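Let me begin by presenting the structure, written as structure tokens, before commenting on it.
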Amino acid sequence: MKVKFVLAAFLVASAMSLGLMANASGGSKDAAKDSSATPVSAEQSAQNENMRLEGEKRFRSNCGRCHAAPPKFPPRMMATIVRHMRVRATITDQDMRFILRYMTE
Amino acid sequence: MMCSFIRLRKVAKAGLLGLGFLFSLALQAQDDGFKAVPILTGSTAYFTRVTAGQYQDAPTVSPLLLLPFGDKWLVEAKGSYSDTFSKNAQGDYNGTISYGMAYAQIDYIANRYMTFVAGRFTTPFNIYGERLAPNWIRALQTGPLTSPVTSGSGLGGMMRGGFPGTESLNVTYALYFSSNNTHHLLATDRSTGGRLGFFLPRQGLEVGASFQQVLQADRPHSSGVFLEWQPNRAPLTVRSEFVRSSGTKGSAYWIESVYRLSQIPSLRRLELVGRGEQFFAASNLSAATVKKLGALGKDTNEGDFGMNYYLRSDIRASASYGRQFVLGRNANLWTVGMTYRFLMPMLPQGGAR
């Protein structure tokens with residue numbers, strides 16, 4: 001019985017460590033992506049500004065309808081919050097993407 | 001006996017293993033380049049209420065666990081725990097503990113327009129139950145008179161989503177089916193229903209309608225409409241709901257306005273709230289039914305006025321006064337207290353990019 005318990009604990013631990021390893025490798029890929037970023041052109045920055053304004057507008061009209069505007073949280077937390085709110089408040093996929101972008105800038 | 005004990009242990013181990021696997025998948029969830037992390041959020045509150053001269057102190061905590069996994073899945077579980085202290089005839093305070101599971105659901109985002117939900121969920125009827133009920137969100141701490149008219153929770157499946165109808169119109173929908181559950185903490189009715197909403201972002205206006213059909217006992221149905229409006233030129237929110245039940249639970253409506261004093265620099269953190277509501281008991285109720293229904297057996301009018309002061313976006317002090325007019329027994333409703341909305345990642349690297 002003890003052996004079975006140890007086996008089960010080992011399996012749970014392996015599953016969790018697999019997840020952690022996948023997570024860590026994903027993080028290093030992100031870091032590599034960040035370091036290879038090039039300076040943005042004027043056109044691109046204007047486009048980014050438009051996206052930001054659109055994101056802010058959609059954030060205010062969707063989120064501000066029910067509650068006070070929250071501060072910006074770290075991106076990975078924001079991704080979870082926006083997914084939760086997409087389901088709870090039936091926010092459209094398009095609005096969700098704009099809001100996530102705005103809230104993670 | 002021994003056999004069932006062994007089976008129970010196997011189920012427990014399988015459950016533990018499944019949870020571990022789910023957690024490991026959760027670490028890999030990704031949204032637009034950001035890996036979503038499991039988070040623990042929710043709210044705590046402490047409120048003192050004086051209802052018709054009866055004092056009550058109620059600390060509460062409502063934790064919400066969000067566990068994303070993959071790009072399309074999310075497990076959400078929200079519980080609540082409160083200890084209500086009230087004065088008895090001798091002037092001593094007695095505490096009553098209550099706890100429950102608001103929802104425990106698994107969401108699958110099938111595509112851009114549709115999400116499937118399974119488990120225990122809040123029924124999608126109008127807007128209060130799903131969106132405005134958490135105590136850090138609601139503008140007034142006293143719940144509206146429409147709440148008891150419909151079945152608030154379901155156990156089964158739901159399909160919901162939203163899509164842009166035109167450039168200036170979003171359409172949202174939710175359809176559900178719930179089975180009957182008689183567990184004292186997780187009771188639900190066998191019922192079906194849905195909600196359809198239209199949101200005009202330019203005008204800041206949302207209108208919609210809901211329907212619910214109970215499929216047990218005397219099979220009553222409820223229908224409702226709702227409205228939420230935020231004009232672009234003023235920091236004002238107007239909300240309203242109407243609900244009507246074909247059974248013994250009557251009909252009710254409420255209209256609420258919230259004005260944030262953001263134009264006055266020294267008072268920009270303050271918002272003023274007013275709400276008026278009426279409940280109409282079903283006609284032709286027998287004396288025995290009226291007694292059984294309690295508050296739902298009598299016509300009620302209520303007016304509330306309140307203030308919320310945001311110390312920070314997540315900490316709010318609130319106070320309100322309401323006057324309830326019930327046949328033969330009017331009452332003053334005072335509420336004062338604070339709410340705190342907490343949010344934390346479940347892992348140390350949760351905050352990193």
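Assorted remarks:
- With θ taken as phi - 60° and the Karplus curve 6.51 cos²θ - 1.76 cosθ + 1.60 applied, the whole-hertz 3J(HN,Hα) list for the range B:186-201 is 10, 4, 9, 9, 6, 7, 9, x, x, 9, 10, x, 10, 10, 9, x Hz, x standing for glycine and proline.
- The ranking of B:Leu40, B:Leu311, B:Leu333 from fewest to most other beta carbons within 10 Å of each one's beta carbon is B:Leu311, B:Leu40, B:Leu333.
- Contact order normalised by residue count of the range A:49-105, Cα under 8 Å, 6+ apart, percent: 54 percent
- Pairs of lysine residues in chain B - Cα separation under 22 Å, sequence separation of 8 or more or cross-chain: 4
- Placing dummy labels 7 Å off each Cα toward the beta-carbon, the span from A:Glu105 to B:Phe85 is 4.9 nm.
- FRET efficiency estimate (nearest 0.05) - Cβ-Cβ, B:Ala317 to B:Val207, R0 35 angstrom: 0.60
- The range B:262-351, relative contact order in percent, only Cα pairs under 8 angstrom and at least six apart counted: 22 percent
- When only Cα pairs below 8 angstrom with a gap of at least 6 residues are kept, chain B shows a relative contact order of 14 percent.
- Translational diffusion of chain B was estimated from the Stokes-Einstein equation, with Rh taken as the Kirkwood radius over Cα pairs; at 25 °C and 0.890 mPa s the coefficient is 109 µm²/s.
- By other beta-carbon atoms within 10 Å, ranking A:Glu56, A:Glu43, B:Glu206 with the fewest at the front produces A:Glu43, A:Glu56, B:Glu206.
- Neighbour counts of other Cβ atoms within 10 Å put B:Lys72, A:Lys72 in the fewest-to-most order A:Lys72, B:Lys72.
- Here the spin labels are modelled as points 7 Å beyond Cα on the Cα-Cβ line, and at B:Leu186 and B:Asp218 they lie 3.0 nm apart.
- Anisotropy class of the range B:197-330 from Cα gyration tensor, a/c 1.5 cut: oblate
- Point-to-point label distance, B:Ser246-B:Met159, nm (Cα→Cβ direction, 7 Å offset): 2.3 nm
- Put simply, the C-alpha atoms of the range B:70-217 give a gyration tensor, and the ellipsoid matching it has half-axes of 31, 20, 16 Å, longest first.
- The range B:224-240 and the range B:290-342 have their alpha-carbon centroids 20 Å apart.
- Gyration tensor verdict on the range A:49-105 (Cα atoms; rounded if a/c is under 1.5, prolate if a/b is larger than b/c, oblate otherwise): rounded
Where a number appears in this text, it was derived from the coordinates with a stated rule and is not lab data. Since we're looking at a predicted model, the values are computed, not measured. A quick note on method: Cβ atoms are made from the backbone with ideal geometry, for glycine too, and the neighbour counts reach across all protein chains shown.
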